[in-house]
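Here is the structure we will look at.
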Amino acid sequence: MTVATDRPVPRPPLPEYEDKPKSRVDLILFAVFVTVPFLAVLAAVPFAWGWGLGWTDVVITLVMYIVSGLGVTVGFHRYFTHGSFKAKRPLKITLAVMGSLSLEMSVLDWVATHRKHHKFSDKEGDPHSPWRFGTGFKALSKGALYAHMGWLFEPERVNRARYAPDLVKDPDIQRMHRLFPVIAITSLALPALLGGLLTMSLWGAVTGFFWGTLVRISLLHHVTWSINSICHMFGDEPFQARDKSRNVWWLAIPSFGESWHNLHHADPTCARHGVLKGQLDPSARVIRWFEQLGWATDVRWPTPERLAAKRIG
Ligand SMILES: [Zn+2]
Ligand SMILES: [Zn+2]
């Protein structure tokens, strides 16, 4: 017999990880996507020596890098994970597609993983802390490699409903999540297609694929992973954060401003990460353009009072 009651029954918290771990095929695919593009970067220099790199390749690679990179920084990170602005629906969908072109993760998995990183940053439960194995030289070297890419090979998948309930409920995001394999294949094929069409040659398709797909993906992956490894180990700490996040100036351009990572952990919802004088932040510039166009609203720009409160010294 059941007894009716008005009082809500407290629900137990959702588990940290999805019931279904990554499959063997997922892990093999990860290994392929990590290794093959990286080998392409190593081969890039001799390949470019006198042949195999034309202006078409440069343009295709740059455009693909910028579009997929900003999809991650402005879209997956500042908008979907941290809500540093509100986006009109077409912009929301465009950012989800652009970020998916990076072949990092689907928008749902990326956001869930990154929110868990902020919740436990550099403590037990952080999916990718370089401090995981300790502070000695050997432990930190191992930790750096783990934070850079080793963590991707852990079979657990962060629980989406626990860490990204807002996105799980959004039918547009569910669709983008399901379409991730299609967007990924498009991202792999598009540079070859463009290279072939623009030069009207098979060789143009080959070099377009080499630069615009393999080299571009590897560079973007390593830059993204450097935020997890390098920016949690070395650099300046002008702001108070609960973790070991640091600002790394030389990664600011390739990471579109994400390497001002100490400020980001000190004030995660802030739309601008490079807040000090001379700190370039291309992602913040793009958010400003979206705001001027009326596509983004309620942008959380930094205020001098808020920054002063978080400043060390
Ligand atoms: Zn971080
Ligand atoms: Zn973040």
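We did not get these values from a lab; they are worked out from the coordinates using the rules stated. This one's a predicted model, so the numbers in the text were calculated from it and none came from an experiment. Backbone-built Cβ (ideal geometry, glycine too); neighbour counts: all protein chains shown.
Here the dipole of the chain is about 480 debye; that uses its Cα centre as origin and unit charges on the Cβ of Lys and Arg (positive) and Asp and Glu (negative).
In the chain, a dipole from Cβ-located charges (positive for Lys and Arg, negative for Asp and Glu) runs towards its positive end, and of 238, 54, 107 it is 238 whose Cα lies farthest in that direction. Of 277/310; 123/244; 88/169; 123/169; 92/169, which sit over 19 Å apart, Cα to Cα? Check vs 19 Å cut-off fails for 123/169. Taking the three principal axes of the alpha carbon atoms in the chain, the coordinate ranges are 74, 59, 50 Å, sorted in descending order.
Summing +1 for each Lys or Arg and -1 for each Asp or Glu among the other residues whose beta-carbon sits under 12 angstrom from that of residue 122 gives +3.
Amide H to amide H distances under 5 Å link residue 260 with 248, where only residues 5 or more positions off or on other chains count and H is placed in the peptide plane.
The range 68-91 and the range 171-197 have Cα centres lying 18 Å from one another.
Normalised by the number of residues in the chain, the mean separation of alpha-carbon contacts (under 8 Å, six or more apart) gives a relative contact order of 21 percent. The ranking of 243, 57 from fewest to most other beta carbons within 10 Å of each one's beta carbon is 243, 57.
Expressed per residue, the C-alpha convex hull volume of the range 96-135 stands at 70 Å³.
Dividing the helix sum by the residues of the chain, where each DSSP H run of 4 or more adds -39500 (n - 2.57), gives a mean residue ellipticity at 222 nm of -15500 deg cm²/dmol.
Bridging of residue 22 to lysines at a Cα separation below 20 Å is possible for 116, once same-chain residues fewer than 8 apart are set aside. Under the convention that each Lys and Arg Cβ holds +1 and each Asp and Glu Cβ holds -1, the size of the dipole of the range 55-110 around its Cα centre is about 420 debye. One quarter of the surface of the convex hull around the alpha-carbon atoms of the range 53-186 equals 10.1 nm², the direction-averaged projected area. With contacts taken as Cα pairs under 8 Å at a separation of at least 6 residues, the range 173-228 carries a relative contact order of 25 percent. All other residues whose Cβ lies under 9 angstrom from that of residue 82 are scored, Lys and Arg at +1 and Asp and Glu at -1, for a net of +3. From the alpha carbon centroid of the range 274-298 to that of the range 108-154 is 29 Å. For residue 162, what charge total do you get from the other residues with a beta carbon under 11 Å from its beta carbon, if Lys and Arg give +1 and Asp and Glu give -1? So the environment of residue 162 carries a net charge of +2.
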